[in-house]
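The values are calculated or read from the model by the stated rules, or taken from the named source; none is laboratory data. Source: prediction; values computed, not measured. A quick note on method: Cβ atoms are made from the backbone with ideal geometry, for glycine too, and the neighbour counts reach across all protein chains shown. Accessible surface areas use protein heavy atoms only, side chains included; no ligands, DNA or RNA. Shrake-Rupley method; radii C 1.70, N 1.55, O 1.52, S 1.80 Å.
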Amino acid sequence: MNKITGLVAATFAAYHEDGKINLDIIPAIVDKMIADGLTGIFICGTNGEGPNLKTEERMAIAEAYVKAAQKRILILVHVGHSSIAECRKLAAHAEQIGADAISSVAAFYFKPTTVSGLVKCMAKIASAAPNTPFYYYNIPTLTGVALDMVSFLTLAEEAIPTLAGIKYTASTLHEYQACLNYKDGKFDILFGYDEMLLSALAVGAKGAIGSTYTFAAPIYHQVIKLHNEGKRELAAKWQLHSVNMVRCLVKYPPIPAQRAIMQIKGLELGDCRLPLEPLSAGDTLAFKAELTEIGFFELIT
């Protein structure tokens with residue numbers, strides 16, 4: 001697999017009114033991501049509520065995305081779970097249906113406490129899909145696993161034949177840069193903090209995975225374009241639009257707030273699952289007013 005360039009959207013789970021997963025909406029989501037110029041779609045991760053879904057539901061969602069994509073856009077399937085056995089089921093299934101890559105977080109209940117232990121876990125998962133590129137999903141703020149990623153690459157390149165790189169969702173840019181440059185850029189290190197995309201581009205990022213790319217791709221396309229043209233001040237102004245939007249987001253629970261944006265934009269995803277709770281009607285109106293005040297909706301049309 002070649003290195004991924006451009007933006008990969010971490011899409012959201014969709015539910016019917018009765019709480020069952022909504023597979024019918026997935027073709028529309030895929031078509032929107034393609035129309036928005038995205039490179040790929042990352043499914044069943046944090047924003048896709050992977051930990052809130054049953055294994056069978058995650059398999060059904062993965063099948064629906066791969067079928068809808070028809071190789072027009074990359075499909076990366078998150079297979080992380082606190083049970084490695086369930087990870088392996090999901091990984092094997094993703095390979096069977098033709099996913100373009102798989103990814104896994106560290107176990108988040110009984111956690112690996114050493115780099116070597118983390119590598120053993122990821123190797124066990126990746127070996128269930130021996131022909132599919134594997135990305136370790138580094139998101140220490142949610143998993144509580146904050147280990148040295150350069151050391152991870154050093155051990156993992158021997159232990160995981162399918163290792164493609166890291167989905168790097170952390171703000172430690174110095175470590176991110178070190179990973180990018182490990183063995184002259186051997187691995188694909190995809191950046192995961194949308195509001196810091198420009199900073200990542202400055203140290204060499206070529207690809208990124210994020211939730212706000214699902215609904216705000218035009219902002220980030222401008223950041224990338226202007227950065228590549230050497231127009232740093234303009235790129236910074238466009239990145240600030242992202243920062244301002246995220247500052248509005250984090251006043252509310254971030255995943256429900258982003259789902260509210262999708263609803264405002266006409267894509268009804270249903271209510272998220274407990275322990276996540278949807279925004280109240282009042283909060284949705286207040287949030288929409290804040291986004292309108294900063295001109296957000298004009299920027300993404």
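At a 1.4 Å probe, what is the % contribution of carbon and sulfur to the accessible area of the range 185-290? Before the final figure, lay out each step's value.
On the way: 2720 of 4830 Å².
It is 56 percent, rounded to a whole number.
If you count only protein heavy atoms with a 1.4 Å probe, what accessible area per residue comes out for the range 43-151, rounded to a whole Å²? Mind showing how you got there, number by number?
Working: 4400 Å² over 109 residues.
Computed with neighbouring chains in place, this is 40 Å² per residue.
Would you mind working out the accessible area per residue for the range 194-236, using a 1.4 Å probe, and quoting it in Å²?
Values: 1740 Å² over 43 residues.
Spelled out: the 1.4 Å probe surface of the range 194-236, per residue, equals 40 Å².
Round to a whole angstrom and tell me the spacing of the C-alpha centers of the range 34-87 and the range 223-250.
Each part's Cα centre sits 28 Å from the other's.
So what is the relative contact order for the range 193-301, in percent, with contacts set as C-alpha pairs under 8 Å and at least six apart? Walk me through the numbers before you get to the answer.
Numbers: 90 pairs, mean separation 29.4, N = 109.
For the range 193-301, the relative contact order is 27 percent.
Work out the charge dipole of the range 152-288 with +1 on the Cβ of Lys and Arg and -1 on the Cβ of Asp and Glu about the Cα centre, then indicate which of M196, Y168, G266 is farthest towards its positive end.
Comparing the listed Cα positions along the dipole, G266 ranks first.
Taking all protein chains in place and a 1.4 Å probe, what share, in percent, of the accessible surface of the range 80-164 do carbon and sulfur account for?
Roughly 57 percent, rounded to a whole number.
Could you compute the net charge surrounding A260? Neighbours are other residues with a C-beta less than 13 Å from the C-beta of A260; K and R count +1, D and E count -1. Before the final figure, lay out each step's value.
Values: positive: K251, R259, K265, K288; negative: E268, D271, E277, D283, E290.
Local charge sum for A260: -1.
Given bins 5 angstrom wide, list per bin the percent of all Cα-Cα distances in the range 209-301, short to long.
3, 13, 24, 24, 17, 9, 6, 3, 1, 0
Calculated from DSSP H runs of 4 or more alone, at -39500 (n - 2.57) each and per residue, what is the 222 nm mean residue ellipticity of the chain, nearest 500?
Dividing the helical sum by the residues of the chain leaves -14500 deg cm²/dmol.
Using only alpha carbon pairs under 8 Å that are at least six residues apart, calculate the relative contact order of the chain and give it in whole percent. Walk me through the numbers before you get to the answer.
Numbers: 515 pairs, mean separation 52.9, N = 301.
18 percent.
Is there a pair in K89/K186; K89/K288; K20/K237; K67/K288 whose C-alpha atoms are over 31 Å apart, and which pairs would that be?
K89/K288; K20/K237; K67/K288
How big is the range 96-176 on each of its three principal axes, counting only the C-alpha atoms and giving the largest first in Å?
Per principal axis, max minus min of the Cα coordinates gives 33, 24, 23 Å.
When Rg and Dmax of the Cα atoms in Å is calculated directly from the model, which label among (1) 17.7, 57; (2) 18.3, 53; (3) 22.5, 71 fits?
Read-out taken from this structure: (2).
How long are the semi-axes of the equivalent ellipsoid of the range 1-114, taking √(5λ) for every eigenvalue λ of the Cα gyration tensor, in whole Å from largest down?
Each semi-axis is the square root of five times an eigenvalue, giving 22, 18, 13 Å.
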